[in-house]
1. Consider residue 45 against the criteria (1) buried (at least 19 other Cβ atoms within 10 Å of the Cβ); (2) closer than 17 Å to residue 129 by Cβ: it satisfies all of them except one. Which criterion is unmet?
2. I'd like the full set of residues that are more than 9 Å from the ligand (Cβ to nearest atom) and closer than 20 Å to residue 201 by Cα, limited to region 155-175.
3. Pick out the one residue from 37, 109 that is out of contact with any strand residue (DSSP E or B) (no Cβ under 7 Å at 6 or more places or on another chain), within 14 Å of the ligand (Cβ to nearest atom) and among the hydroxyl-bearing types (Ser, Thr, Tyr).
4. What about residue 118, is it crowded, with 16+ Cβ neighbours inside 10 Å, assigned to a helix (DSSP H, G or I) and more than 14 Å from the ligand (Cβ to nearest atom)?
5. How do the helices (runs of 4 or more DSSP H) wholly within region 134-225 filter down when requiring 2 or more residues that are open to solvent by 20 Å² or more (accessible area, probe 1.4 Å), among the basic types (Lys, Arg) and touching a residue at least 12 places away in the same chain (Cβ under 8 Å): which remain?
6. Scanning region 92-139 for residues that are closer than 18 Å to residue 62 by Cα and hydroxyl-bearing (Ser, Thr, Tyr), which turns out modelled with the highest pLDDT?
7. Name every residue in region 14-39 that is in contact with a Lys or Arg (Cβ under 8 Å, 6 or more places away or on another chain) and open to solvent by 20 Å² or more (accessible area, probe 1.4 Å), in order of residue number.
8. Using beta carbons and a limit of 7 Å, which pairs, at least six apart or on different chains, have the first residue in region 23-45 and more than 16 Å from residue 142 (Cα to Cα) and assigned to a loop (DSSP other than H, G, I, E, B) and the second one of a type in the set (Gly, Ala, Ser) and at pLDDT 95 or above?
Amino acid sequence: MHLVRVKICGVTTPAEARFAADCGADALGLNFYPKSSRFITSDQATRIVRELPPFTAAVGVFVEADDIDVVATAARFGLRGVQTYTADPPRTDFHPAAHIPAFRVNDASSLATIRDFVAATLSAGRPPAAVLVDSFVAGEIGGTGHVAPWELLAGFDPGVPLILAGGLTPENVGDAIRAVRPWGVDVASGVEASPGRKDRGKVRAFVQAVRAAAAELAAENRVSG
Ligand SMILES: O=C(O)c1ccccc1N[C@@H]1O[C@H](COP(=O)(O)O)[C@@H](O)[C@H]1O
């Protein structure tokens, strides 16, 4: 069975979260970056987390956040994972939350940075749970809607699960999965009606497109295996 996990990032209301979970999303992203159009307050996070079904994970998104604040936020909202954006490779492992450091990729040296980071954390005995690979857009951090360089990422094995992000949509996510073969995919703007507001049709179509591509890969594996 070829599984591709789905995270719908930047939900801002309990209804959006519930809908995405009911569509089959494995994880929902709660954005704690104040400059994001998807930023949510603690009150909003509390109400969203309360609405989640028991098997749906909440993942926090943090940009250059203080490690102590990340740990405290993860504990407060029961975050299963923390997705961090930092200028320098992060030093903390954030246990018991699964750490998902995000890397913005534009060329082969970006891949070397990820490999070096994973190798260093593996030898220190605290590897990340996964790495998230996003597109590089000068002057922006994430949630840009720009597609990551799939051709560069094809065959790239960072040594831990790879989550593909950046400009994914219901229309292109199948091609992205076939090209990159990621462990999981993550989308924010590609399933929105407007910044910070999810579009139900797009959320449903995105999860369905991921499941269809994964089933196709599983069938291919059965034939070739
Ligand atoms: O969504 C945001 O506003 C955001 C801000 C700062 C860092 C990360 C952010 N979101 C993450 O960015 C990726 C890619 O987004 P998109 O699909 O290209 O819009 C997404 O996976 C979010 O986790």
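1. So residue 45 meets the others, but not (2).
2. Selection gives 170, 171, 172, 173, 174, 175.
3. Testing whether each residue is out of contact with any strand residue (DSSP E or B) (no Cβ under 7 Å at 6 or more places or on another chain), within 14 Å of the ligand (Cβ to nearest atom) and among the hydroxyl-bearing types (Ser, Thr, Tyr) leaves just 37.
4. yes
5. Details: elements: 150-153, 173-180, 200-224.
It comes to 200-224.
6. Per the criteria, the residue is 135.
7. Scanning region 14-39 gives 14, 16, 19, 23, 24, 26.
8. These pairs meet every condition: 26/57.
The values are calculated or read from the model by the stated rules, or taken from the named source; none is laboratory data. Predicted model, so just to flag it, every value in this text is computed and none were measured. Methodologically, a virtual Cβ is constructed for each residue, glycine included, from the backbone with ideal geometry; neighbour enumeration extends over all protein chains shown. Quick note on the areas: whole protein, heavy atoms, side chains included, nothing else; ligands and nucleic acids left out. Shrake-Rupley method; radii C 1.70, N 1.55, O 1.52, S 1.80 Å.
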